[in-house]
Amino acid sequence: MIKRFIVIVALFSAFIAEAQENVSSPYSYYGIGLTNFKGTVENRSMGGLSIFADSIHINMQNPAGYGRLKLTNYAVGASHDRISLETDSDSDNAKITSLDYLSLAFPVSDKVGIGVGVLPYTSVGYRILDMEEGSASLLNGRGGMNKVFLSAGWAVTKDLSIGVDANYNFGNFQNSQSINREDLQYGTTDVNRSDIKGFTFNFGANYQKDLTETLKLHISSTYAPAMDLDSENSRAISTVDFSSGSGRIIDFRELDLSDTQFEFPSKLSIGAGLGEENKWFIGAEYASVGSSSYEDSFSFRGDNGDYQDASQFSLGGFYIPQYNSFSSYFERMVYRAGFRFDETGLIVNEEPINEFGISFGLGLPVGSNFSNINLGIELGQRGTKDSGLIQENFLRLSIGLSLNDKWFTKRKFD
């Protein structure tokens, strides 16, 4: 079974590295693209909260949760985005379907759990046409950075668990600019590519304390230190004949560029919540991201883009009418909702690019061992129309499978 999962992870990694375009946003032109949500549909439907951890679900945001697992859990998720892009004078639409994560986690003892998986972490995807009198410029970008992770969690006591993620990051970013002017016979195309690789780590802690017979306090924290990643850079310049419509290449030159490093930013999160086991939970979380480190990585910054440290705020929770009801399927369903507000740290034309979303979700029980299908919907907005910028309004539909099984169970024979 583990060998089969490793093969699936390898195929999934190859697919997201080469075939996927997980975003359609002009703001992915800056830095290393837009950061994807690192979590399950269950987390995303609660505003992105990483506080809650139990014995039957994977928590990919906080590795401490693996120490509480009692069953082997398979998790896979996908989403479909419909995006409306608007300026003061124009509008356009885009839609993207993507695979979001694939993970396997299992307990190796009563106090230790292990997780492994893969997910696209940042994404680049844009197509910008700039028309002026006598000239035209086309910007194209695609690619992103992916993570393969190995995680471990340990329940130090009944109340406290800790954990660590080891992430191998890989991927590439490609952007091209084609310029054609009426007063010149030929145009030019400039193609830049950076291949990224390197390790990052994430440490987590989760504390749960009974306040009364039914009320429980949840406190969670994670810390990912800043790490240097390697970037292999290349550039090619072509002289192109656009007059025939075929884009025939007249001349092609490859330039030698030095390999570089850039600092992947640190992240610190802390959150707290209250809940009743198998009934309800509500919590809030704050995260600080050191994205100002991108300021020193010129090759990952547009001419009109700057970076400052970012912050994220989430509020959300869930409600289960009666998890063990025999008479009503709807009473066993999980109802989720949340809100998030992100200061991305990106500043374009001196305007901060912020993002917010309102989310709702359902957990649908299937089979035995508390497996479920999770559905989520998020309505949100990114950017602004001020200073000639683009405002993005998006609708995201998500589906995830969380399937549980028992491994390492001793069989008894008569």
I'd like the orientation of helix 2-18 relative to the chain: the angle between its Cα long axis and the longest Cα principal axis, in ° from 0 to 90, rounded to 10. 30 degrees
At a 1.4 Å probe radius, carbon and sulfur cover how many percent of the accessible area of the chain? 56 percent
Write down the accessible area per residue of the chain in Å², having rolled a 1.4 Å probe over the full set of protein chains. 50 Å²
Segment 320-380-segment 81-146 distance, computed between alpha-carbon centres (Å): 19 Å
Hey, what's the Cα Rg ratio for segment 148-216 versus the globular rule of thumb, 2.2 N^0.38 Å? 2.31
Give a residue-ordered list of calculated ³J(HN,Hα) values for segment 193-198 (Karplus: 6.51 cos²θ - 1.76 cosθ + 1.60, θ = phi - 60°; whole Hz; x for Gly, Pro). 9, 10, 9, 9, 7, x
How long is the gain from Lys197 to Phe330 if the chain were fully straight, where each residue apart is worth 0.36 nm and the alpha carbon distance is subtracted? 43.3 nm
Take each of the peptides 224-232, 318-326, average the number of other beta-carbon atoms within 10 Å over its residues, and list them starting from the highest. 224-232, 318-326
Length gained if Ser137 through Glu277 is fully extended, taking 0.36 nm per residue and subtracting the Cα-Cα distance, is 44.6 nm
Here the FRET efficiency for Lys70 versus Gln381, based on Cβ atoms and R0 = 30 Å and rounded to 0.05, is 0.15
Please report the antiparallel percentage of DSSP beta bridges with both residues in the chain, rounded to the nearest 5. 100 percent
Amide H within-cut-off set for Met145, under 5 Å, with H built and near neighbours excluded: Tyr121, Thr122, Ser123
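Just order 364-370, 234-240 by mean Cβ neighbour count inside 10 Å, highest at the front, would you?
Highest mean packing first, the order is 234-240, 364-370.
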May I ask for the percentage of alpha-carbon pairs in the chain that lie more than 28 Å from each other? 51 percent
Please compute the length gained on full extension between Leu160 and Val108, using 0.36 nm multiplied by the number of residues separating them and subtracting their Cα-Cα distance. 16.9 nm
Please list 393-403, 79-89 highest first by mean number of surrounding beta-carbon atoms within 10 Å per residue. 393-403, 79-89
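The values are calculated or read from the model by the stated rules, or taken from the named source; none is laboratory data. Just so you know, these numbers come straight off a predicted model, no measurement behind them. Virtual Cβ from ideal backbone geometry, glycine too; neighbours counted across all protein chains shown. Heads up: the accessible areas ignore ligands, DNA and RNA and are worked out on the full protein's heavy atoms, side chains in. Shrake-Rupley method; radii C 1.70, N 1.55, O 1.52, S 1.80 Å.
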